[in-house]
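Below is one structure, written out as structure tokens, with a few remarks after it.
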Amino acid sequence: MDENYQQDAGQKYGNGGTGTGGTASGTAARLKEQISDKAADVKERVTDFGRRTADKIDASRGPAADSLNRTASALHEKSDRVASAAHATADKLQATAEYVRDHDFKEMAEDVTELVKRYPGQSLAAAAILGFLLARVMRSSD
């Protein structure tokens, strides 16, 4: 009777009389195959995503480099203008320093008189601005 029971169980579960082991191993094999397929699919998708991302980055390198180049050129141009203006200002200050060093007060007064005669309108405007600035300084010091 014990043998008949085992034969019936084996026929019922398809494993030669060992119970549920055959069905479980078939299910495990199918699950393993499905997981393997899903993993391969995910790996392929990640690889495709990485490839597309790299392609997009490569495509944007050229325009980014062009933009950086234009910015650098603009900065060079502006810095050249600023440097040029700074050099011109330094040259004027140096010339003024040499003039002050080489001329006494009487010579400077004669030069100012000559400038006022040559440029009366501009001299009057400069005097008005200078007077306004002196008045502000005097008022703020009180």
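Every number in this text was worked out from the coordinates using simple rules, so none of it is lab data. Just so it is clear, the model here is predicted, and its values are computed rather than measured. Glycine gets a Cβ as well: all are built from the backbone with ideal geometry, and neighbour counts include every protein chain shown.
Please work out how much length the chain gains when fully extended from S36 to V116, using 0.36 nm per residue of separation minus the C-alpha to C-alpha distance, in nm with one decimal.
On the way: separation 80, 0.36 × 80 = 28.80 nm, distance 9.73 nm.
Once the chain is fully extended between S36 and V116, it gains 19.1 nm.
Give me the number: length gained by fully extending V82 to I57, i.e. 0.36 nm times residue separation minus the C-alpha to C-alpha distance, one decimal in nm. Intermediate results must be reported in sequence, preceding the final value.
Working: separation 25, 0.36 × 25 = 9.00 nm, distance 3.64 nm.
In short, 5.4 nm is gained.
Pop the C-beta distance of L93 and L133 into the FRET formula with R0 = 30 Å and round what comes out to the nearest 0.05. Intermediate values should be presented prior to the final figure.
On the way: r = 19 Å, r/R0 = 0.64.
Computed FRET efficiency for L93 and L133: 0.95.
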